[in-house]
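The values are calculated or read from the model by the stated rules, or taken from the named source; none is laboratory data. Only a predicted model underlies this, so the values are computations on that prediction, with no experimental measurement involved. Here the Cβ positions follow ideal geometry from the backbone for every residue, glycine too, while neighbour counts run over all protein chains shown.
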Ligand SMILES: *[C@@H]1O[C@H](CO)[C@@H](O)[C@H](O)[C@H]1NC(C)=O
Ligand SMILES: *[C@@H]1O[C@H](CO)[C@@H](O)[C@H](O)[C@H]1NC(C)=O
Ligand SMILES: *[C@@H]1O[C@H](CO)[C@@H](O)[C@H](O)[C@H]1NC(C)=O
Ligand SMILES: *[C@@H]1O[C@H](CO)[C@@H](O)[C@H](O)[C@H]1NC(C)=O
Ligand SMILES: *[C@@H]1O[C@H](CO)[C@@H](O)[C@H](O)[C@H]1NC(C)=O
Ligand SMILES: *[C@@H]1O[C@H](CO)[C@@H](O)[C@H](O)[C@H]1NC(C)=O
Ligand SMILES: *[C@@H]1O[C@H](CO)[C@@H](O)[C@H](O)[C@H]1NC(C)=O
């Protein structure tokens with residue numbers, strides 16, 4: 001089945017939803033500049049009785065299965081295109097290229113081993129031996145390669161702490177590689193302490209500057225990253241940038257809860273990515289999904305500490321941003337600043353649409369469910385009031401339960417001119433984590449949002 005049917009269903013949903021404002025809406029032509037024709041409510045507190053929206057939900061129930069065509073059969077695909085290097089493949093051990101793992105710099109050996117492995121035509125397995133610690137400066141692992149390549153990290157790779165070794169914002173940089181696997185159960189250590197101490201978020205007397213991302217995959221296709229521990233990154237741990245067909249599984253990503261900007265997994269401009277069975281405990285977003293990303297699936301994710309699972313920020317500096325078709329399913333967040341968040345800057349344009357958060361547990365999370373269209377990073381310049389916004393629509397929250405560390409368990413602070421549309425809440429039960437005290441009752445704060453309920457939703461708007 002082509003993608004047109006789910007789109008058609010979505011179009012039906014948008015046509016049949018209860019309407020508070022009229023939009024000029026051609027479902028087959030997405031207009032980024034839809035405006036409210038009638039006065040839009042500044043604050044919505046309407047409860048749509050379930051009976052009134054049952055058709056919507058019946059349609060929605062079919063949606064998740066059909067919506068994600070890319071839920072390609074991972075196993076079949078990997079057998080076809082990304083199988084482990086065949087029996088005749090060349091084993092390339094970094095030690096054979098002069099890596100010492102004795103505290104001196106092993107970058108040259110890794111580069112030469114990569115170039116050799118990438119050049120072989122029968123497939124290659126590049127090996128980083130176990131029980132050793134290899135020290136690396138920034139290294140490029142560039143493609144295209146002549147055949148599928150597997151990088152087996154059994155031991156530890158540790159980053160140089162000397163800031164003048166970095167002339168750019170990436171430490172390990174995989175660029176333009178097809179049919180790559182990175183796995184092995186070893187450790188990638190960004191050794192980020194000195195970067196954190198130099199962050200303006202830690203030492204406010206210092207100017208703000210960026211630190212390197214530990215592992216970047218740029219323009220890779222048919223990529224699989226599995227069974228690794230990635231820790232103490234300089235800034236972000238793992239970034240997927242302009243990649244297609246990516247499988248990320250069984251990762252353990254860890255850094256102190258107070259380490260600045262140490263996002264776990266960052267997805268940008270990437271299509272068809274499945275992040276599965278990962279434990280992420282860091283100082284910033286557990287998973288962040290930003291512009292140009294579509295067909296993103298995150299399942300069986302454990303987060304905390306950190307800032308939770310985030311779509312955005314989007315639309316910074318008046319930019320256009322586009323994120324669509326995201327499913328976050330079976331996630332547990334503990335002690336995080338946010339649970340599931342969508343954040344956009346004022347002045348942006350574009351959209352964040354067709355997003356589903358399902359089967360989410362929150363434990364003592366400060367903002368369990370949040371859409372913030374007034375996001376502003378106060379460490380940069382203050383944000384002035386602006387009219388335009390990234391349009392947020394067709395967002396499903398289904399089976400979300402647990403406890404909130406703040407009284408505001410649900411927060412929808414949407415744009416006045418571009419209210420959040422087609423927000424669906426089904427079976428949401430969030431209580432205050434201090435509900436024993438009378439003044440702590442979970443509540444919802446809802447501005448400029450058009451939503452529908454099904455099942456029990458507590459607290460309601
Ligand atoms: C590591 O081994 C290399 C080559 O044997 C040697 O030149 C270097 O001094 C050693 N470094 C340390 C820190 O021991
Ligand atoms: C790549 O492989 C070809 C053919 O085996 C060889 O001639 C060439 O020198 C290799 N290049 C590198 C950089 O290893
Ligand atoms: C850091 O690296 C720079 C240039 O790469 C070098 O000159 C300097 O000696 C290094 N510092 C330390 C402490 O190793
Ligand atoms: C913050 O940075 C300044 C300037 O480098 C330095 O003098 C000061 O000791 C730092 N403070 C802390 C707490 O590290
Ligand atoms: C964004 O647009 C607003 C309104 O047009 C303008 O005042 C502001 O300077 C712009 N900001 C940037 C970063 O371009
Ligand atoms: C809940 O979170 C708050 C703020 O993050 C924290 O102060 C409190 O100790 C946490 N409570 C529990 C039971 O973990
Ligand atoms: C929405 O965000 C704006 C800007 O940060 C803030 O002034 C306002 O109080 C927020 N509204 C609610 C209901 O939280």
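Can you say whether residue 137 is modelled with pLDDT of 95 or more and over 28 Å from residue 209 (Cβ atoms), as far as the supplied structure shows? No: the conditions fail for residue 137.
Scanning the range 247-261 for residues that are out of contact with any helix residue (DSSP H, G or I) (no Cβ under 8 Å at 6 or more places or on another chain), over 23 Å from residue 138 (Cα atoms) and not in a loop (DSSP other than H, G, I, E, B) yields 249, 250. Taken as a whole, the condition of being over 18 Å from the mean Cα position of the chain (by Cα) and farther than 18 Å from residue 301 by Cβ applies to residue 405.
Looking at residue 104, is it surrounded by fewer than 23 Cβ atoms within 10 Å (Cβ to Cβ) and either in contact (Cβ under 8 Å) with a residue 60 or more places away in the chain or more than 16 Å from ligand 1 (Cβ to nearest atom) (or both)? It is false that residue 104 is surrounded by fewer than 23 Cβ atoms within 10 Å (Cβ to Cβ) and either in contact (Cβ under 8 Å) with a residue 60 or more places away in the chain or more than 16 Å from ligand 1 (Cβ to nearest atom) (or both). If you go through the range 315-351 and keep only what is within 16 Å of ligand 7 (Cβ to nearest atom) and either within 16 Å of residue 392 (Cβ to Cβ) or within 15 Å of the chain's Cα centre (by Cα) (or both), you end up with 315, 316, 338, 341, 342, 343, 344, 345, 346, 347, 348.
Only one residue in 259, 313, 218 is crowded, with 24+ Cβ neighbours inside 10 Å and in contact (Cβ under 8 Å) with a residue 12 or more places away in the chain, so which one is that? Only one candidate qualifies: 259. Of the residues making up the range 167-190, those that are surrounded by fewer than 18 Cβ atoms within 10 Å (Cβ to Cβ) and on the phi > 0 side of the Ramachandran plot are 176, 185. Would you confirm whether or not the range 85-97 contains a residue that is surrounded by fewer than 20 Cβ atoms within 10 Å (Cβ to Cβ), more than 16 Å from ligand 2 (Cβ to nearest atom), modelled with pLDDT under 95 and within 29 Å of residue 244 (Cα to Cα)? Yes: the range 85-97 contains one or more residues that are surrounded by fewer than 20 Cβ atoms within 10 Å (Cβ to Cβ), more than 16 Å from ligand 2 (Cβ to nearest atom), modelled with pLDDT under 95 and within 29 Å of residue 244 (Cα to Cα).
Does residue 161 qualify as being outside any strand (DSSP E or B), within 16 Å of ligand 1 (Cβ to nearest atom) and either in contact with a strand residue (DSSP E or B) (Cβ under 8 Å, 6 or more places away or on another chain) or more than 14 Å from residue 225 (Cα to Cα) (or both)? Against the criterion (outside any strand (DSSP E or B), within 16 Å of ligand 1 (Cβ to nearest atom) and either in contact with a strand residue (DSSP E or B) (Cβ under 8 Å, 6 or more places away or on another chain) or more than 14 Å from residue 225 (Cα to Cα) (or both)), residue 161 qualifies.
Taking the range 352-447 as the region of interest, the strands (runs of 3 or more DSSP E) fully inside it that hold 2 or more residues being within 14 Å of ligand 7 (Cβ to nearest atom) are 367-372, 408-413, 443-447.
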